[in-house]
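> Sharing a structure, written as structure tokens. Questions coming.
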Amino acid sequence: MGPERETEVQRMFSSIADRYDLNNTILSFGLHRYWKWMACRIAAGENPKYALDIGTGTCDLPIMLASKCPDIEHIVAVDLNAAMLEVGEKKIHTTVYADKIECCRGNVESLNFRNNIFDIVMAGFCLRNVGHLDQALQEIYRVLKPGGSFVCLEFSHPTSRWLRLLYHWYSIYVLPWIPTWISGDQTEVYRYLPASIREFPDQNALVSRMQDIGFSEVNYQDLNGGIVAIHRAVK
């Protein structure tokens, strides 16, 4: 929790920024693209004009959202990590959406935006890395317009016992070693990530945390047996 966790997380992600997309594809067997597509489909259903993606990383979600929302006017992609944003900006400029997506550095626990300005806030694999979850949720709630929606894509907790056992085995004994074999990663980030997933609230606990902040109509959709969940909440 707190600044020490944030500093360490940023150090690890800076070290793997140029290999992050490759590692994600290999470790998820390509499923991360499907998960992000599903989250963007839900967000696009709100017909947003102004969107915010927090913890944007290498900017997959803003690019996908822009492709699904031809009438969207502006997407702000925020991340605290400069190295990840640099990779993301390069990707954006290879697309036709560069005039719609703005990248900026920022901390989700203290967003530098006015109240009530975004139709949609998205977060993809971000919230479990923040130092103070409730503070992050409060900031998301603050910058959303009344009636606006928060769409959160995050690793969660498998719903069946056999899948939990298989997922636990994979995350402990396989996942940390693959990036070392593939890209020489020595940062320990792929040991940290499974631990952060286990520590993060499960599907129903996250619903309760969002409701405590003031969100309504909070629901979720499990993907791949609950390995990943998409939560949607309304201000």
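The values are calculated or read from the model by the stated rules, or taken from the named source; none is laboratory data. Model, not experiment: these values are computed from the prediction. Quick reminder, even Gly has a Cβ in these numbers, built from the backbone with ideal geometry, and neighbours come from all protein chains shown.
> Of all residues being out of contact with any Leu (no Cβ under 8 Å at 6 or more places or on another chain) and farther than 17 Å from VAL151 by Cβ in the stretch 110-130, which is surrounded by the most Cβ atoms within 10 Å (Cβ to Cβ)? Just the residue, please.
Checking each candidate, the answer is ASN129.
> Run down TYR167, TYR192 and say which single residue is of a type outside the set (Val, Ile, Thr), at pLDDT below 95, assigned to a helix (DSSP H, G or I) and crowded, with 20+ Cβ neighbours inside 10 Å.
Residue meeting the stated conditions: TYR167.
> In addition: Please specify each residue of the stretch 196-235 satisfying the condition of being in contact with a helix residue (DSSP H, G or I) (Cβ under 7 Å, 6 or more places away or on another chain) and assigned to a loop (DSSP other than H, G, I, E, B).
PHE200, PRO201, GLY214, PHE215, ILE227, LYS235 - these are the residues of the stretch 196-235 that are in contact with a helix residue (DSSP H, G or I) (Cβ under 7 Å, 6 or more places away or on another chain) and assigned to a loop (DSSP other than H, G, I, E, B).
> So, in the stretch 25-72, how many residues would count as being of a type in the set (S, T, N, Q) and without any contact (Cβ under 8 Å) to a residue 24 or more places away in the chain?
Qualifying residue count, the stretch 25-72: 2.
> Further question on the same structure: Checking the conditions here, which among ARG128, ARG114, ARG105, ARG142 is in contact with a Phe, Trp or Tyr (Cβ under 6 Å, 6 or more places away or on another chain) and over 15 Å from ILE75 (Cβ atoms)?
Checking each option against the conditions leaves just ARG128.
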